[in-house]
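Before any comments, here is the structure.
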Amino acid sequence: MNWQDDQKGLRDRLFQLLGVDAGGASFAGVQSRGVQDCHGWCLEDLLFQGANGEDIPAFFLRPPRGHAKVPALIYAHAHGNNYAVGRDELIAGRPALQGPYAADLVARGVAVLCIEMPCFGARQQPNESSRSKALAWHGKTLFGQMLDEQRAGIEFLSQHSAVDADRIGTLGFSMGSTLAWWLAALDPRIRATSALCSFADLETLVGTGAHDGHGPYMTVPGLLPVARSGQIAGLAAPRALHIGGGLLDWSTPAVAFEIGRSDLEAGYAAAGAQEKLSFFVDPQSGHVETPEMRAAALDFLRRELLD
């Protein structure tokens, strides 16, 4: 088997473990509930209908009608054990961030779709524990549902008149980081991904007990015998990937981070795309976005989506 066949085989196996269809994902419908100004652009309040009939709120930050097509991001919000915060993170931020990303992305001419994940914001019920258990009984996973909704978001962006479908990326912090690099691994339409403060070898985290810091949403039964974190993230190659983090972060301890980094670098080397992989590592920071980390992420997105 060649490198491309290996990639496809692993990707198909991951879809099976996640309990979702490897085919295209899309929303059953979408309703616009109004538009307000946000830093000179339009912040559209969307309500998607999921395949299971569930209402899924989202914010779509886009240029005004008549503007030339722009690059776009799936912005994956964090967890933080604060279930009240979902899509609002895009415009209001959270304490672990340097501030909301909305203004920075508008200033750089990048549209953003932030989908409220199950268990958060207006979707707090059923809660994370209940959803995870119910999906497991059906041979599915909450993480798979989240990723499937993000994949449906990519489909929405790729069809939207404001968006250049060849320049779609992902961005996220913490839970959003994990969603971002998994999404890039699973969906070849993603051109560039910036993942901050959640990238480490999971088997190492399990061995130390640090995995328990993650919520139930992230549990994928049977994953560890199939692939390590860095091997999964390596499925993004040869597309652009940026990993940021601090080595005092409980979710990215040095030993687990270095194993993930080594696997990831090997994947990009196999694809002949080493120049498309970048890291920003702060040995002295924890589970927070630093000013330097924000700057590195934005510079990466400018380079890979705008230049």
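The values are calculated or read from the model by the stated rules, or taken from the named source; none is laboratory data. Computed from a prediction, not measured in an experiment: that's the story for all the values here. When we count neighbours, we look across all protein chains shown, and the Cβ atoms used for this are built from the backbone with ideal geometry, even at glycine.
Residue pairs, Cβ under 6 Å, 6 or more apart or interchain, first in segment 188-204 and in contact (Cβ under 8 Å) with a residue 60 or more places away in the chain, second assigned to a helix (DSSP H, G or I) and of a type in the set (Val, Ile, Thr). List them.
Listed pairs, sorted by first residue: 201/259.
So that you can scan it fast, the table gives a plain yes or no per residue for (1) over 26 Å from residue 264 (Cα atoms); (2) of a type in the set (Ser, Thr, Tyr); (3) in contact with a strand residue (DSSP E or B) (Cβ under 9 Å, 6 or more places away or on another chain):
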{"residue": "7", "(1), (2), (3)": "no, no, no"}
{"residue": "25", "(1), (2), (3)": "yes, no, no"}
{"residue": "29", "(1), (2), (3)": "yes, no, yes"}
{"residue": "35", "(1), (2), (3)": "yes, no, yes"}
{"residue": "47", "(1), (2), (3)": "yes, no, yes"}
{"residue": "59", "(1), (2), (3)": "yes, no, yes"}
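Inside segment 36-58, can you point out the residues that are part of a loop (DSSP other than H, G, I, E, B) and either more than 20 Å from residue 146 (Cα to Cα) or touching a Phe, Trp or Tyr at 6+ places or on another chain (Cβ under 8 Å) (or both)? Walk me through how you get there before you give the answer.
Taking segment 36-58 and keeping what is part of a loop (DSSP other than H, G, I, E, B), we get 39-40, 50-54.
Hits for segment 36-58 are 39, 40, 50, 51.
Report, ordered by the first and then the second residue, all pairs with beta carbons closer than 6 Å, sequence separation of six or more or different chains, a first member in segment 1-28 that is under 22 Å from residue 155 (Cβ atoms), and a second member that is modelled with pLDDT under 90.
Between residues of segment 1-28 that are under 22 Å from residue 155 (Cβ atoms) and residues that are modelled with pLDDT under 90, the close pairs are 28/51.
Quick one: would you say residue 15 is over 17 Å from residue 186 (Cβ atoms), out of contact with any Pro (no Cβ under 8 Å at 6 or more places or on another chain) and hydrophobic (A, V, I, L, M, F, W, C)? So that I can check it myself, show each step before the final result.
Values: over 17 Å from residue 186 (Cβ atoms): no; out of contact with any Pro (no Cβ under 8 Å at 6 or more places or on another chain): yes; hydrophobic (A, V, I, L, M, F, W, C): yes.
Considered against the rule, which asks whether it is over 17 Å from residue 186 (Cβ atoms), out of contact with any Pro (no Cβ under 8 Å at 6 or more places or on another chain) and hydrophobic (A, V, I, L, M, F, W, C), residue 15 comes out as no.
Residue 37: surrounded by 17 or more Cβ atoms within 10 Å (Cβ to Cβ), more than 20 Å from residue 304 (Cβ to Cβ) and charged (D, E, K, R), yes or no? Even if it seems obvious, please write down each step before you answer.
Numbers: surrounded by 17 or more Cβ atoms within 10 Å (Cβ to Cβ): no; more than 20 Å from residue 304 (Cβ to Cβ): yes; charged (D, E, K, R): yes.
For residue 37, the condition - surrounded by 17 or more Cβ atoms within 10 Å (Cβ to Cβ), more than 20 Å from residue 304 (Cβ to Cβ) and charged (D, E, K, R) - is not met.
Please go through segment 261-280 and pick out each residue that is over 13 Å from residue 236 (Cβ atoms) and crowded, with 17+ Cβ neighbours inside 10 Å.
261, 280
Tally the residues that are crowded, with 24+ Cβ neighbours inside 10 Å and more than 16 Å from residue 294 (Cβ to Cβ), restricting the search to segment 99-115.
The number of residues fulfilling the criteria is 4.
Being polar (S, T, N, Q) and not in a strand (DSSP E or B) is the filter here; which residues of segment 6-35 pass it?
Let us first name the residues in segment 6-35 that are polar (S, T, N, Q), namely 7, 16, 26, 31-32.
If the condition is that a residue be polar (S, T, N, Q) and not in a strand (DSSP E or B), then 7, 16, 26 are the ones that fit.
Return the residue satisfying two criteria in turn: it lies in segment 192-235 and is charged (D, E, K, R) and out of contact with any Lys or Arg (no Cβ under 6 Å at 6 or more places or on another chain), and of such residues it is modelled with the highest pLDDT.
Filtering segment 192-235 for residues charged (D, E, K, R) gives 201, 203, 212, 228.
Next cut, out of contact with any Lys or Arg (no Cβ under 6 Å at 6 or more places or on another chain) only: 203, 212, 228.
Numbers: 203: 94, 212: 88, 228: 97.
For segment 192-235, the residue satisfying everything is 228.
It is to be established whether one or more residues within segment 256-266 are modelled with pLDDT of 95 or more, farther than 26 Å from residue 139 by Cα, assigned to a loop (DSSP other than H, G, I, E, B) and over 13 Å from the mean Cα position of the chain (by Cα).
The answer is no, given that none of the residues of segment 256-266 is modelled with pLDDT of 95 or more, farther than 26 Å from residue 139 by Cα, assigned to a loop (DSSP other than H, G, I, E, B) and over 13 Å from the mean Cα position of the chain (by Cα).
Please state which of the following conditions residue 20 fails to meet, knowing it meets all the rest: (1) closer than 30 Å to residue 294 by Cα; (2) hydrophobic (A, V, I, L, M, F, W, C); (3) crowded, with 17+ Cβ neighbours inside 10 Å.
Answer for residue 20: the failing condition is (1).
Go through segment 290-307 and give me each residue that's within 24 Å of residue 234 (Cβ to Cβ), in contact with a helix residue (DSSP H, G or I) (Cβ under 9 Å, 6 or more places away or on another chain) and not aliphatic (A, V, I, L, M).
Residue satisfying the conditions is 304 alone.
Among the listed residues 76, 134, 96, which satisfies the condition of being surrounded by fewer than 24 Cβ atoms within 10 Å (Cβ to Cβ) and touching a residue at least 60 places away in the same chain (Cβ under 8 Å)? Let's see the steps before the verdict.
Details: 76 fails: surrounded by fewer than 24 Cβ atoms within 10 Å (Cβ to Cβ); 134 fails: touching a residue at least 60 places away in the same chain (Cβ under 8 Å).
Going through 76, 134, 96 in turn, the sole match is 96.
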